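K.L.:
Once you've had a glance at the structure underneath, I'll fire off some questions.
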Amino acid sequence: MIRETVGHLRDLPRYRQILGTLARYGYQDVVAALRLEGIVRPLERAALGEAAAGLDRPRRVRLICEELGPAFVKLGQVLSTRRDLLPEAYTNELAALRDDVRPFPSDQAEAILVEEYGRPLDACFARFDPAPIAAASISQVHRATLHDGREVALKVRRPEISKVVAADLDILKNLAQLAERRVPALSAYRPMSLVREFERTIKRELDFGVELRTIKRCQAQFANDPTARIPFVVEEFSTPRVLAMEFIEGVRVDDVPGLRRLGLDPAEVADRGAAILIKQIFQFGFFHADPHPGNLRVLPGGVVALLDFGMFGQLDLRSRERIADLLVALMAQDVDGVLATLDDLDVRGEDADPRELRRDVGELVQTYCDLSLESIDLSVLLGELVAVVRRHRLTIPPDLVLLIRSLVTIEGTGRALDPAFDIAGRLKPRLRKLAMRRFTPSRLARQATAIVQDLQRIATLLPDLLSHSLESIKRGELNVKFDLQGFERLVKQLTRAANTLAVGIVITGLLVSSSLIYRGGATTLAQVGYGLGVALSLWLIWNMSRRG
């Protein structure tokens, strides 16, 4: 039975450590629900709840993550962003997880560098500081000087960390599968989905090549922006296990006395930092997903430097436009707009009751109906929206979760620097610009081309589809084999095509009408009709664009 549950007997000691830690912190009910009490040793059973005295459950979850090591610390940090799944008490506690751990010996760091570079350190650097300046669960950082005089930070991955994480991932996957099968109450939290998301996140963090490419992408985006500083990377001394980048000191963005010593106004720094991060989100669709004060430095002249490029979110143009629609609808107290854009963003749930969801969203937006845009606390508003999502068990795409976290962090940091900081006012011009981009001639031309291609695909597939359907009818198999998979998408494509056709008919009519008016004059009634036609065509174009 144990072998069947554990999978590999070599993992049994780690299972015992994980389950024993859960039991000691008062989560023996979880161990029992998983039916894994037999793996816990008698001595550990005797210490049930020993470490839980006086601590609430969220605090115990954080301590469990810290005690179980790097993979669980990172898992806790990922879960801290999932306010759509976990109650706020848990996400707040997990957000406080410490990632600072004891550094590993410097001789091991030097051995890794020599192994990666294939030459002695003095051949690479004019100076190397063996004392680490920072240590985290996955890596630690050493300072060095290149032979050309540039100061760099060397981020070195911990020895054997990949093997440790891989082993823990296998165990987490197995425990998640057991939880989904044996603990129905946990199925709402989608354990396997969470573990897969975590696996993707931590594997990207373990490969420093991913972070290097992220830094280079950000450099290209801000190459002509004098207000932002992205550290340079030294590709010659960067590998999947080592990342060599510019060493940036500066002042922490939340160090108000330090900012004043630089002769800077904290309110202006808040504006500049927010502008950079909002630009990443809505212009580039590639944004820093963890912009807390420790990852932002301010340099002389008010230049804002971004650090730690391990966690980034990505949004395509369509998603950015839908998010802009959602924010506009929230700030305009538009219930229908909020519900429509949530659906467009794939925020959905199998068991959600549409009437109850509409009622809760209506109550949410009505709370803000008497407030001006400037007085709306966006972080509170987004937090309440996420609470509605969690209550109705809707799913949120991971990058949308990261976006909400990023916006909330930006507003929190901005208000720490300037109590009058208003992120809604700073978002408004960017949202307006996104809305206007939908109506550019090039954009409408691309949409028309896409619709024509969709129609061509449908026209190509339709004869075969009809032929197969008729054959199935002849054989009496239609009820058994008829499959509506993809039918929803087909309806959407046909709707888009119909919209385009309607716009074409209206515009053609307008061209003929304008020609008649120009050549022979027109009655007032005809001119009014022409004006209504123009308005109708603009409405159709807007509606078609909005529905993608």
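K.L.:
In segment 139-184, how many are in contact (Cβ under 8 Å) with a residue 40 or more places away in the chain, of a type in the set (D, E, K, R) and under 17 Å from VAL78 (Cβ atoms)?
P.N.:
Qualifying residue count, segment 139-184: 1.
K.L.:
Taking the condition of a type in the set (D, E, K, R), out of contact with any helix residue (DSSP H, G or I) (no Cβ under 7 Å at 6 or more places or on another chain) and modelled with pLDDT under 90, does GLU321 pass?
P.N.:
no
K.L.:
Any chance you could count how many residues in segment 297-306 are open to solvent by 10 Å² or more (accessible area, probe 1.4 Å) and touching a strand residue (DSSP E or B) at 6+ places or on another chain (Cβ under 7 Å)?
P.N.:
So the answer is 3.
K.L.:
What single numbered condition from (1) among the β-branched types (Val, Ile, Thr); (2) at pLDDT below 90; (3) touching a Phe, Trp or Tyr at 6+ places or on another chain (Cβ under 6 Å); (4) not in a helix (DSSP H, G or I) fails to hold for VAL152?
P.N.:
For VAL152, the exception is condition (2).
K.L.:
Would you call GLN314 surrounded by fewer than 22 Cβ atoms within 10 Å (Cβ to Cβ) and at pLDDT 90 or above?
P.N.:
Against the criterion (surrounded by fewer than 22 Cβ atoms within 10 Å (Cβ to Cβ) and at pLDDT 90 or above), GLN314 qualifies.
Quick grid of which residues meet (1) over 18 Å from the mean Cα position of the chain (by Cα); (2) open to solvent by less than 20 Å² (accessible area, probe 1.4 Å):
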| site | (1), (2) |
| --- | --- |
| ARG260 | yes, no |
| ASP265 | yes, no |
| VAL269 | yes, yes |
| ALA274 | no, yes |
| ILE281 | no, yes |
| PHE287 | no, yes |
| GLY294 | yes, yes |
| ASP308 | no, no |
| ARG322 | no, yes |
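K.L.:
Scanning for something assigned to a helix (DSSP H, G or I), among the acidic types (Asp, Glu) and more than 25 Å from the chain's Cα centre (by Cα), does segment 120-128 turn up at least one residue?
P.N.:
Yes, the conditions are met somewhere in segment 120-128.
K.L.:
Using the structure shown, decide if VAL165 is over 21 Å from the mean Cα position of the chain (by Cα) and over 21 Å from GLU236 (Cα atoms).
P.N.:
So VAL165 fits the description; yes.
K.L.:
Sticking with this one: What about VAL242, is it β-branched (Val, Ile, Thr), touching a Leu at 6+ places or on another chain (Cβ under 9 Å) and open to solvent by 10 Å² or more (accessible area, probe 1.4 Å)? Walk me through how you get there before you give the answer.
P.N.:
Values: β-branched (Val, Ile, Thr): yes; touching a Leu at 6+ places or on another chain (Cβ under 9 Å): yes; open to solvent by 10 Å² or more (accessible area, probe 1.4 Å): no.
The answer is no for VAL242.
K.L.:
Within segment 51-66, work out how many residues are in contact with a Ser or Thr (Cβ under 8 Å, 6 or more places away or on another chain) and open to solvent by 50 Å² or more (accessible area, probe 1.4 Å).
P.N.:
Selection size over segment 51-66: 0.
Let's see how each residue does on (1) part of a helix (DSSP H, G or I); (2) more than 19 Å from GLU321 (Cβ to Cβ); (3) open to solvent by 30 Å² or more (accessible area, probe 1.4 Å); (4) free of Cβ contacts under 8 Å to residues at least 12 places away in the same chain:
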position	(1), (2), (3), (4)
VAL389	yes, yes, no, no
ARG405	yes, yes, yes, no
PHE421	no, yes, no, no
LEU431	yes, no, no, no
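K.L.:
So which residues in segment 345-357 are open to solvent by less than 40 Å² (accessible area, probe 1.4 Å) and within 26 Å of ARG437 (Cβ to Cβ), if there are any at all? Can you show your working first?
P.N.:
To start, the set of residues in segment 345-357 that are open to solvent by less than 40 Å² (accessible area, probe 1.4 Å) comprises 345, 347, 349, 352, 357.
Matches in segment 345-357: LEU345, VAL347.
K.L.:
Taking segment 324-338 as the search range and keeping residues that are open to solvent by 40 Å² or more (accessible area, probe 1.4 Å) and part of a helix (DSSP H, G or I), which one is nearest to GLU205 (Cα to Cα)? Break it down stepwise before answering.
P.N.:
Taking segment 324-338 as the starting set, the residues that turn out to be open to solvent by 40 Å² or more (accessible area, probe 1.4 Å) are 328, 332-334, 336.
Subsequent filtering for residues that are part of a helix (DSSP H, G or I) retains 328, 336.
On the way: VAL328: 34, ASP336: 39 Å.
Only one residue tops the list, namely VAL328.
K.L.:
Of the residues that sit in segment 145-163 and are of a type in the set (Asp, Glu) and at negative phi, which one is least open to solvent (accessible area, probe 1.4 Å)?
P.N.:
The residue in question is GLU151.
Yes/no matrix, rows are residues, columns are (1) of a type in the set (Phe, Trp, Tyr); (2) crowded, with 17+ Cβ neighbours inside 10 Å:
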position	(1), (2)
VAL165	no, yes
ARG213	no, no
ARG217	no, no
ALA228	no, yes
PHE232	yes, no
VAL256	no, no
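K.L.:
Then there's this: Is one or more of the residues making up segment 177-195 farther than 30 Å from ASP56 by Cβ and open to solvent by 40 Å² or more (accessible area, probe 1.4 Å)?
P.N.:
Looking for residues that are farther than 30 Å from ASP56 by Cβ and open to solvent by 40 Å² or more (accessible area, probe 1.4 Å), one finds none in segment 177-195, hence no.
K.L.:
Just a yes or no: is a residue in segment 84-94 within 23 Å of MET192 (Cα to Cα), part of a loop (DSSP other than H, G, I, E, B), hydrophobic (A, V, I, L, M, F, W, C) and open to solvent by less than 20 Å² (accessible area, probe 1.4 Å)?
P.N.:
Yes, the conditions are met somewhere in segment 84-94.
K.L.:
Further question on the same structure: Check ASP107 against each of (1) over 26 Å from PRO398 (Cβ atoms); (2) open to solvent by less than 30 Å² (accessible area, probe 1.4 Å); (3) among the acidic types (Asp, Glu) and name the one condition it does not meet.
P.N.:
For ASP107, the exception is condition (2).
K.L.:
Still on this structure, please answer the following. What are the pairs with Cβ atoms under 9 angstrom where one residue, in segment 339-364, is without any contact (Cβ under 8 Å) to a residue 40 or more places away in the chain and the other, located anywhere, is in a loop (DSSP other than H, G, I, E, B) and open to solvent by less than 30 Å² (accessible area, probe 1.4 Å)? Sequence gap at least six, or different chains.
P.N.:
THR341/VAL347; ASP353/HIS392; GLU356/HIS392; LEU357/GLY349; LEU357/HIS392; LEU357/LEU394; ASP360/HIS392
K.L.:
Follow-up question, since we're still on this one. Does ALA136 fit the bill of being more than 20 Å from LEU86 (Cβ to Cβ), under 24 Å from the mean Cα position of the chain (by Cα) and open to solvent by 20 Å² or more (accessible area, probe 1.4 Å)?
P.N.:
For ALA136, the condition - more than 20 Å from LEU86 (Cβ to Cβ), under 24 Å from the mean Cα position of the chain (by Cα) and open to solvent by 20 Å² or more (accessible area, probe 1.4 Å) - is met.
K.L.:
Filter segment 313-337 down to residues that are farther than 29 Å from PHE198 by Cα and out of contact with any Gly (no Cβ under 8 Å at 6 or more places or on another chain), then give me how many there are.
P.N.:
Summing the residues that are farther than 29 Å from PHE198 by Cα and out of contact with any Gly (no Cβ under 8 Å at 6 or more places or on another chain) in segment 313-337 gives 7.
The values are calculated or read from the model by the stated rules, or taken from the named source; none is laboratory data. Only a predicted model underlies this, so the values are computations on that prediction, with no experimental measurement involved. Positions of Cβ are generated from backbone atoms using ideal geometry, with glycine treated the same way; all protein chains shown enter the neighbour counts. What goes into the accessible areas is simple: the full protein's heavy atoms, side chains included, and nothing from ligands, DNA or RNA. Shrake-Rupley method; radii C 1.70, N 1.55, O 1.52, S 1.80 Å.
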